[in-house]
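Inspection log for the structure reproduced underneath, given as structure tokens.
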Amino acid sequence: MYNTVNILHSYWAYLVLLILVLATFNAIIKAVAGKEYSAKDFRISLFTLIVSHIQLLLGIVLYFVGPYISLIGDMGMGAIMKDSTLRSNIVEHPLTMIIAVALITIGYSKHKKKLTSKAKLRMIAIFYSIALILILAKIPWSVWM
């Protein structure tokens, strides 16, 4: 089960990154250009929300099914925090990704409450951009490429 979830989590990340980049740049370009918010923009932002939540669920399953929980029990958090690779995999990556998905969720929720196109697009652009930066900062590039 661990290998299957690990493969799903790894490949689904490409989709998340692609759709998040698309949604972010779409919102930024349309907000700057003063274009109207459309049903297509709604679908792109909703799809981003859905795929990022699926990725988060896969990551949570991977975290608890994988070897990290036993490492925490065996080594203790003090030893894990002293090892930069383990700290990144066990603490920093999961926490950053949870924050990024929370920002996507907040941005999506806030944009629905706005009444004008500019305000809707600005909410998506701001929150999705911050989430994109966080995700890009904590992707394990050495494993990913």
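Where a number appears in this text, it was derived from the coordinates with a stated rule and is not lab data. All values reported here derive from a predicted model rather than from experimental measurement. With ideal geometry, Cβ positions are generated from the backbone for all residues, glycine too; neighbour counts draw on all protein chains shown.
Structure notes:
- The order of the peptides 86-95, 50-59 by mean Cβ neighbours within 10 Å, most packed first, is 50-59, 86-95.
- Mean separation of Cα contacts under 8 Å, 6 or more apart, over the residue count of the chain: relative contact order %: 34
- Subtracting the Cα-Cα distance of T4 and I99 from their residue separation scaled by 0.36 nm leaves 31.7 nm.
- Across the chain, the fraction of Cα-Cα pairs farther apart than 18 Å, rounded to a whole number, is 58%.
- Radius ratio Rg over Rh of segment 72-145, counting only Cα atoms, Kirkwood formula for Rh: 1.18
- Pairs of Lys in the chain closer than 26 Å at Cα, counting only those 8 or more apart or on different chains: 24
- The slack in the chain from R87 to S70, taken as 0.36 nm per residue of separation less the alpha-carbon distance, amounts to 4.7 nm.
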